[in-house]
1. Cα convex hull of segment 165-264: mean projected area in nm², to one decimal?
2. Rg and Dmax of the chain, using alpha carbons, in Å: what are they?
3. How long is the gain from GLU83 to ALA236 if the chain were fully straight, where each residue apart is worth 0.36 nm and the alpha carbon distance is subtracted?
4. With Cβ to Cβ distances under 15 Å as the rule, what net charge do the other residues near PRO187 carry (K, R +1; D, E -1)?
5. Hey, can you rank 18-29, 104-115, 207-218, 153-164 by average C-beta count inside 10 Å, highest first?
6. If you place +1 on the Cβ of every Lys and Arg, -1 on the Cβ of every Asp and Glu, and leave all else neutral, what size is the dipole of segment 142-232 about its Cα centre, to the nearest 20 Debye?
7. Shape call for segment 9-109 from the C-alpha gyration tensor, a ≥ b ≥ c root eigenvalues: rounded (a/c under 1.5), prolate (a/b greater than b/c) or oblate?
8. How high is the relative contact order of the chain, given as a whole-number percent (alpha carbon pairs under 8 Å, six or more residues apart)?
Amino acid sequence: MELPEGFIPQLIALDLDDTLIEHDGPVHERVVDAIARVQDMGIMVVAATGRSLSTTTPVCRAAGMFDWAVCSNGALLAHVEPEEVVETITFDPADLLLEIERIVPSASFAVEGASGMFRTTRAFTHSALTAGIREVPFDHLLAEPAIRLVVRSEDHLDEGLGFLAEQLDLHSVVFGTGDVAWLDIGPRGVSKATMLARLCERLGFDPTLTMAVGDSMNDIEMLKWAGVGVLMGHAAESMKQHADVIAGPVPGLAVAEVLDAIGR
């Protein structure tokens, strides 16, 4: 793994799950030390994650990243310390909710509001998504602007919910299966990359002097946008076309190796 010779970024954006940390795991001391070293060089290190604010800031603090965090796949920008929502990009979820509920009536729905908290039609446990979920009637999800809409279905494990992305004029969509089939829908055209670009404009940083490290499909736009896009070694083969550098496969350790290569 080699970075471009002499490349010193102004800003480094790190995905969290399966990049900075193993899923729901701790932040290892090796990566904390590596983050501190590049910060001492004057480089800003920020989180760029699909997580909500409530589960992003504890990881940032543990890693020693106290400046900025891009959350909810780019729909929310926050300052970590002190914790403050600085910017959100919202949409009206009502029409989408009604249409998806018509097509998949057995699904459960959750809407993330501008504060980063969720309301849902059926309580579920997803520790990386948010630290607080409030169960409400379906009609209550229609009333307020959203930064994210999550659709979950236990009845579509085989085929998944990707067909909805084809049937409906959805916004920015990530989907997959695990214990349930799920869709993660954000504002149209919004990704981690779009909010990182806005952050660079806010700070007066040159976007070409940025580095991003990620591993999954919601990192594709970020990897393509960054001056240097670094893909985790365990990522799917199809992801490699979007990256400039392929890192090691171990979350945390691979990030530390990438950071330690800067300026060396």
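Just so you know, all these numbers are worked out from the coordinates, no wet-lab data involved. Keep in mind it's a predicted model, so treat the numbers as computed, not measured. All Cβ positions, even for glycine, are placed from backbone atoms using ideal geometry, and neighbour counts span all protein chains on display.
1. Across all orientations, segment 165-264 yields a mean hull projection of 8.0 nm².
2. Spelled out, the Cα radius of gyration and Dmax of the chain are 18.1, 57 Å.
3. Result: 51.7 nm gained on full extension.
4. Once positives and negatives cancel, what remains is -4.
5. 207-218, 104-115, 18-29, 153-164
6. 560
7. The shape class here is prolate.
8. Worked out over the chain, it gives 22 percent.
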